[in-house]
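Peer 1: A single structure is presented below for examination.
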Amino acid sequence: MASCEPKYTTLLDLARQSKIIAGNTACLDGKIQAGLPFSGYPTGVDPTTIVSLGVVSSESAVLSGNSATTVFDVSNPLSPSYNPVFDPYSATTWSNPLFQLNVSGLTLPITPLSALTQTVGPVWTLTQTGMTGDHVIGTQYTGYTITYAPDNLTGTLSGFTYISVSGYTSAFQENFSAGTLDYKGPVDYLRSREDATVDNRLTTKKLKVTGGASASTIGYVLLQDDVEGNAVWAPTSAVTSGITSIFINSATTPTTIGGIAAGSSFPAPGYNMQQMWDWLLYPYQYPAFTTFVRSGILSEYELGQAITVGAQTFTWNISNGSNINDGILNSIKITEADPPSDIANSLTNDGTEGIVLATAMSQSTVGSKTLYSIYALNSLGGAINTSISRTWKVMWYYGKNVNTSITGAQMTGLTGSDLVTNVVNDYVTQPASGGAEYMYWCIPDILSQPSDIRDSTMGCFGTNIPYITLADIPITNTYGVAVNYKIYRSVVDTSSPFTTWLCT
């Protein structure tokens, strides 16, 4: 290289001399990097361009609940929350599946004291794309919000807690459109106004040569034209026309076909037929967790009961696992939830990992608890995950006893018992006995309590079973959790069996 004069010797010099355009040639002894990677530019919905398209759907549905949860659309036979008790309200149901889907975003429970209007969303979908250079960008989003407005709520207040709530919820779907923050400017950072010379190998992912290129030279190749290395476009028989034929179309595709998603376009310089057929016939296969299991874990737990720890084995399975980037930070990673911590990271996707666990997680309240989660990154940089959860339940007791009242020991000795999160809106069978005995139902006071008891298996419709309420019985369960029980006893003793429905 010809002699040159060092100019940019420090960061300060670089800043001060950045506009020098004359003088001796400047030397840079190290590497030069210019510009951000395209992934560093902003992307996503532009909140300043959000426009409402108006309310497009509204319906009402029956709800019911208690102090722990609220379920919606209970009078709709197609709803997962359907309860035949609410059949008289069958005209008040949701037919829009988005209303049922988005209740997971609400803050529960909903009671007469907390029945505030809540809005879920907006939920956005990219509906229009374009190109900046070779990069696909978003140009348009559509979205929606679902607003839920409870109305005419009534409930039973026990102390400071509602144990029974019913009423209606009106749902409104409002649609929106918005532009994007995606960078739409130029991405050419370095430019030489005259010849540029590279003394050694030039490495690049893509090469675009404009001199001599035109529509008539599509399918041509660059050939050396003279001993100096000058190149020209020229036809060649060494490459088949089927491969070099170029497809160009700037219009966006209306539907998804194979691996080509709706909204794709093919602007100049286009794609050859090999690329098009590969794209069409071999779409990217997104991986997903299909199983995640830990050894030595029960299907359910009683209040206060701790999970076993020590040496345990985690196993998992990932569909399309060849598209997982494993063995790197955060892929594959296993965490435990209480307290939040990583217990394994950068695992190989071999489907199994032995881990010595030290945290014996437990819970003293009724409900589900996430215990462990597993995370992975796909080969496009997207994240997938799944979790292991378990439910902590409380024991309730039922059965017969000859006495007009019972002790804690007699309660826990009744013939019927089960771990539950709820007992109302269901039935149990009180067994036949050798002589006349009283029927007992002993229900933890942290659960919803019955308002009536009927001889039925199909709802609160059968013959009424008269009962009285006795004094509460407090006990401490096997795992040291104090539980107070409400005691219900039949007025009449009997030797006959009864199917007993506990009404809300």
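The values are calculated or read from the model by the stated rules, or taken from the named source; none is laboratory data. Remember, it's a predicted structure, so these values are computed and weren't measured experimentally. Backbone-built Cβ (ideal geometry, glycine too); neighbour counts: all protein chains shown. Areas reflect the complete protein model, heavy atoms only, side chains present, ligands, DNA and RNA absent. Shrake-Rupley method; radii C 1.70, N 1.55, O 1.52, S 1.80 Å.
Peer 1: For segment 129-184, give me each residue that is surrounded by fewer than 19 Cβ atoms within 10 Å (Cβ to Cβ), in contact (Cβ under 8 Å) with a residue 24 or more places away in the chain and at positive phi.
Peer 2: Gly133
Peer 1: For segment 133-142, state whether one or more residues are in contact with a Lys or Arg (Cβ under 9 Å, 6 or more places away or on another chain) and of a type in the set (A, V, I, L, M, F, W, C).
Peer 2: Checked against the condition, which is being in contact with a Lys or Arg (Cβ under 9 Å, 6 or more places away or on another chain) and of a type in the set (A, V, I, L, M, F, W, C), segment 133-142 yields at least one hit.
Peer 1: Where residues in segment 278-316 are aromatic (Phe, Trp, Tyr) and surrounded by 15 or more Cβ atoms within 10 Å (Cβ to Cβ), which of them is farthest from the chain's Cα centre (by Cα)?
Peer 2: The residue in question is Trp279.
Peer 1: Every residue in segment 111-143 that is modelled with pLDDT under 90, in a strand (DSSP E or B) and of a type in the set (S, T, N, Q), please.
Peer 2: Correct list: Thr132 only.
Peer 1: Do we find a residue being surrounded by 10 or more Cβ atoms within 10 Å (Cβ to Cβ), under 30 Å from Arg390 (Cβ atoms) and touching a strand residue (DSSP E or B) at 6+ places or on another chain (Cβ under 9 Å) anywhere in segment 218-236?
Peer 2: No.
Peer 1: Here is a further query. If you go through segment 389-429, how many residues are outside any loop (DSSP other than H, G, I, E, B) and in contact (Cβ under 8 Å) with a residue 40 or more places away in the chain?
Peer 2: Matching residues across segment 389-429 total 19.
Peer 1: Given the conditions (1) open to solvent by less than 90 Å² (accessible area, probe 1.4 Å); (2) modelled with pLDDT of 85 or more; (3) assigned to a helix (DSSP H, G or I), which single one is not true for Ile243?
Peer 2: It is condition (2) that Ile243 fails.
Peer 1: Also, I was wondering about something else. Filter segment 312-336 down to residues that are in contact with a strand residue (DSSP E or B) (Cβ under 8 Å, 6 or more places away or on another chain) and on the phi > 0 side of the Ramachandran plot, then give me how many there are.
Peer 2: Here the count works out to 2.
Peer 1: Say we look at segment 247-263 and pick out the residues that are in a loop (DSSP other than H, G, I, E, B) and closer than 16 Å to Gln274 by Cα; which of these is most open to solvent (accessible area, probe 1.4 Å)?
Peer 2: The selected residue is Gly258.
Peer 1: Looking only at residues in segment 430-478 that are of a type in the set (Ser, Thr, Tyr) and touching a residue at least 60 places away in the same chain (Cβ under 8 Å), which one is farthest from Tyr398 (Cα to Cα)?
Peer 2: Thr478
Peer 1: Only residues that are surrounded by fewer than 16 Cβ atoms within 10 Å (Cβ to Cβ) and either within 40 Å of the chain's Cα centre (by Cα) or closer than 30 Å to Asp326 by Cα (or both): list them for segment 381-420, please.
Peer 2: Gly381, Gly382, Ala383, Asn385, Ser387, Ser389, Thr391, Ser417, Asp418
Peer 1: May I pose another question? Tell me, which residue of segment 338-358 that is in contact (Cβ under 8 Å) with a residue 40 or more places away in the chain and closer than 21 Å to Phe289 by Cα is least open to solvent (accessible area, probe 1.4 Å)?
Peer 2: If we take residues in segment 338-358 being in contact (Cβ under 8 Å) with a residue 40 or more places away in the chain and closer than 21 Å to Phe289 by Cα, then Ile355 is least open to solvent (accessible area, probe 1.4 Å).
Peer 1: Another question, if that's okay. Just need a number here: residues in segment 28-84 that are at pLDDT below 90, in contact with a Phe, Trp or Tyr (Cβ under 8 Å, 6 or more places away or on another chain) and surrounded by fewer than 17 Cβ atoms within 10 Å (Cβ to Cβ).
Peer 2: Result for segment 28-84: 6.
Peer 1: What number of residues in segment 85-104 are among the aromatic types (Phe, Trp, Tyr), part of a helix (DSSP H, G or I) and open to solvent by less than 40 Å² (accessible area, probe 1.4 Å)?
Peer 2: 2
Peer 1: Could you tell me whether Val492 is touching a residue at least 12 places away in the same chain (Cβ under 8 Å), part of a loop (DSSP other than H, G, I, E, B) and over 30 Å from Leu329 (Cα atoms)?
Peer 2: yes
Peer 1: Separate question: Which residues, counting only those in segment 441-473, are within 12 Å of Ser490 (Cβ to Cβ) and open to solvent by less than 20 Å² (accessible area, probe 1.4 Å)?
Peer 2: Trp441, Ile453, Ile465
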